[in-house]
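Asks: Just dropping this structure here.
The values are calculated or read from the model by the stated rules, or taken from the named source; none is laboratory data. In this text the structure is predicted, and so the values were computed from the model without any measurement. Here Cβ is always computed from backbone atoms with ideal geometry, including for glycine, and neighbour counts include all displayed protein chains.
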Amino acid sequence: MNNKQNSSLTQLVAIGIGSAVFFILGRFLSIPTPVPNTSVETTYPFLALMGAIYGPIPAALIGLIGHAVKDLLTYGLWWSWVLTSGVVGFGYGLIGRQLKVNEGEFDKNDMIRFNVGQVIVNAVCWIIVAPVLDILIYAEPASKVFTQGVVSAGLNSLAVGILGTILLKAYASTRTKAGSLKKD
């Protein structure tokens with residue numbers, strides 16, 4: 001099997017397993033908030049890790065499929081937020097392209113770059129994309145969905161800022177840095 005096929009197969013497996021993990025985290029490790037239909041999510045720190053490791057397309061599919069399965073097996077498919085999870089995954093993957101976690105690097109500057117990027121992704125997706133789709137698809141009241149969006153953006157930014165940074169640092173520390181091995 002050539003390298004391109006191996007990479008595609010690896011990404012396909014990552015999408016399948018990542019979607020399952022996203023579902024499990026979303027179903028069993030979400031903490032509800034007083035704002036209806038919003039939670040502190042552990043799914044998005046995991047999605048940020050997948051984006052950094054595998055890139056924007058696999059992360060988008062993990063977010064999309066994982067969120068869809070979670071919705072289908074809980075309270076029903078809510079397309080606006082499912083689609084937004086895909087966009088969030090894509091955004092995290094774009095940020096991940098700028099990082100070198102697969103090469104064992106994730107220093108203070110990377111942490112800052114990652115967190116500035118993820119806050120922007122969360123703000124755009126949860127304050128603009130999700131509420132606009134809620135209004136267009138479901139004719140939801142603007143005040144309700146924009147409140148949910150602001151709360152989700154803040155909570156997801158906080159969760160990804162803390163847990164996502166820890167996951168990325170831990171993952172990078174398991175990778176061998178380029179040029180760190182020397183022949184004696």
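Asks: Considering only segment 103-115, I want to know if a residue exists there that is surrounded by 21 or more Cβ atoms within 10 Å (Cβ to Cβ) and either more than 22 Å from Leu29 (Cα to Cα) or modelled with pLDDT under 95 (or both).
Replies: Yes, that holds for at least one residue.
Asks: Quick one: is Ala172 crowded, with 20+ Cβ neighbours inside 10 Å, under 14 Å from Trp79 (Cα atoms), of a type in the set (Gly, Ala, Ser) and at pLDDT 95 or above?
Replies: No; evaluated as a whole, the condition is false for this residue.
Asks: Another question, then. So in segment 125-156, with the set limited to residues that are among the small types (Gly, Ala, Ser) and buried (at least 20 other Cβ atoms within 10 Å of the Cβ), which one is farthest from Trp79 (Cα to Cα)?
Replies: Filtering segment 125-156 for residues that are among the small types (Gly, Ala, Ser) and buried (at least 20 other Cβ atoms within 10 Å of the Cβ), the one farthest from Trp79 (Cα to Cα) comes out as Ala153.
Asks: Restricting to segment 27-46, name every residue that is within 18 Å of Gln118 (Cβ to Cβ), part of a helix (DSSP H, G or I) and out of contact with any Phe, Trp or Tyr (no Cβ under 6 Å at 6 or more places or on another chain).
Replies: Hits for segment 27-46 are Tyr44, Pro45, Phe46.
Asks: Looking only at segment 107-116, decide whether some residue is of a type in the set (Lys, Arg) and over 17 Å from Gly51 (Cα atoms).
Replies: Looking through segment 107-116, at least one residue is of a type in the set (Lys, Arg) and over 17 Å from Gly51 (Cα atoms).
Asks: Now, a different point. Answer with yes or no whether Tyr92 is surrounded by 15 or more Cβ atoms within 10 Å (Cβ to Cβ) and within 16 Å of Pro56 (Cβ to Cβ).
Replies: For Tyr92, the condition - surrounded by 15 or more Cβ atoms within 10 Å (Cβ to Cβ) and within 16 Å of Pro56 (Cβ to Cβ) - is met.
Asks: Based on this model, can you work out whether Ile62 counts as within 12 Å of the chain's Cα centre (by Cα), closer than 24 Å to Ala20 by Cβ and surrounded by fewer than 22 Cβ atoms within 10 Å (Cβ to Cβ)?
Replies: No, not satisfied.
Asks: Filter segment 52-68 down to residues that are touching a Lys or Arg at 6+ places or on another chain (Cβ under 9 Å) and in a helix (DSSP H, G or I) and give me whichever is farthest from Leu29 (Cα to Cα).
Replies: Pro56
Asks: State which residue is surrounded by the fewest Cβ atoms within 10 Å (Cβ to Cβ) when the search covers only segment 69-89 and only residues that are among the small types (Gly, Ala, Ser) and assigned to a helix (DSSP H, G or I).
Replies: The extreme case among them is Ser80.
Asks: Just the residues that are in contact (Cβ under 8 Å) with a residue 40 or more places away in the chain, closer than 13 Å to Gly161 by Cβ and aliphatic (A, V, I, L, M), please, taken from segment 99-114.
Replies: Met111
Asks: Considering each of Gly117, Gly96, Gly161 in turn, give the residue that is among the small types (Gly, Ala, Ser), free of Cβ contacts under 8 Å to residues at least 40 places away in the same chain and in a helix (DSSP H, G or I).
Replies: One residue alone meets the criteria, Gly117.
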